[in-house]
Every structure is written in C-alpha cells, then in structure tokens.
Amino acid sequence: MKGHCACFIVLVICLQATTAAASGITYKYEEEDGTVWFTDRKPNADRLKEFRFMGYHGRPPARASCSGLGDEELARRQARVDTPVRYLADRYGTDRLLIKAIIAIESCFDPKAVSRVGARGLMQLMPYTASAVGVEDSFDIQQNLRGGVEYFTRMHERYNGNTAYALAAYNAGPNAVDRHDGIPPYPETQDYVRRVLERWGEYRGEANASKSE
C-alpha cells in the first residue's frame, strides 16, 4: 500500500509540474556521464519520468531583461559591448555578429541577468562553465564576454565550424550533442538554436544594408 501511495504522490507532483511549466518551473535532467542541463519547457510525456522537477528559481534572463525595454536603452546596452565584442571576436577568430546574436538571446545585453538555474551575465555562464574558462566574476562585462566567447569558440572548433551544433552545445552541453549526434531533441535547445540563427541573420542583413548605403 505504501508503494502505491508513493507512486501516486510522484505522479501528482509530475502532473502539477507539467501544467505549470509556463509559469517559471524548471526541470533538471542528468545524463549518464554526469552532464546536467535544465529547461523551463515541459518535457515530452514519454520522457517526463527522466526529469526532476526543480520548482522556480530566479527569473528567465532574456525575457525579463527585455521586458519593457525601449529602443534607446537597448541601443545603449549594445553600444556598451560593441568594442569588447569586436576585439574578442577578432582575438578568437569568430563572427562578432554571431556573438552579438548569442548575447541578445541569452541576456538582452543585460550584464546583471540571472537565470532561474544560476546562469549569469551577458553570455549567461553557469558557475562550472565560468570556472572552466577562468572567469571569476560573471557579472564583470569584460570577464563574462571573454569567457563566453572562448567557450563558444571551443564548441565551434569541436564541431568543425558547424554553427548550429556549437550553439546547441553552448545551450545543452557538448555531451548532449555528441550523444544525439547533432542538435538534441530538447525543445528548449532547438528553439534556442533557431532564435540565435535568426537574430544572426538579422544582424548580417542590417550590416549589409548599411554598407550599401
């Protein structure tokens, strides 16, 4: 009888979690190799049992940071990082407009953005990622940008210049990309890759238009 009760309680918690996903709920998934990733998107029903319900933690970075943001403030935020982004893109041999697109989707250029799972700063570095690239203060603009660009460059090189795979690895971790031999079937990651690529295309279009004027 106790076993049946326990199963019922777990089922109720899972059902409650799925119905509230749009209201700030976080799910945690740990792979066999120890890689951990988080999502605020409801997992598919057949995979729900693999996830751990984490509740609400913090705030969605880009959505909250962009809420009510006017064009003037957005332009000011972008201008503040234009020079270091250009320098770091040249230093690491990557496209500055792609880095700009990542920042736009990750934090809306808010250096104080914090996600509900603890990702911080402009490029939303998780603590373990920040440590891996030598970032001591993720809220420091220069450190965060340097660490984020370095980490993304590593992913880009790891996947032989495949930008979509590199973005997926930046979002979900390289082990997830390796395990699925491509972009993982996680709605959050697939949406993230799509949004960054779309924003990158917009920035390139704007740059080309300004050159032709």
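Nothing in this text is a laboratory measurement; each read-out follows from the coordinates by a stated rule. The model shown is predicted, which means the values in this text are computed figures rather than measured ones. All Cβ positions, even for glycine, are placed from backbone atoms using ideal geometry, and neighbour counts span all protein chains on display.
Observations
- Here's the picture: a label point sits 7 Å out from the Cα of LEU69 along the beta-carbon direction, and within region 115-130 the residues with their amide nitrogen under 16 Å of it are 115-116, 120-125.
- Of the Cα atoms belonging to region 100-153, the radius of gyration and Dmax stand at 9.4, 25 Å.
- Placing pseudo-labels 7 Å out from each Cα toward the beta carbon at LEU197 and GLN142 gives an inter-label distance of 3.6 nm.
- Rounded to whole Hz, the Karplus (6.51, -1.76, 1.60) HN-Hα couplings of region 159-166, x for glycine and proline: 9, 6, x, 7, 5, 4, 5, 5
- Placing +1 on the Cβ of every Lys and Arg and -1 on the Cβ of every Asp and Glu, with nothing else charged, gives region 174-213 a dipole about its Cα centre of roughly 60 debye.
- All Cα pairs of region 61-212, percent lying beyond 28 Å: 13 percent
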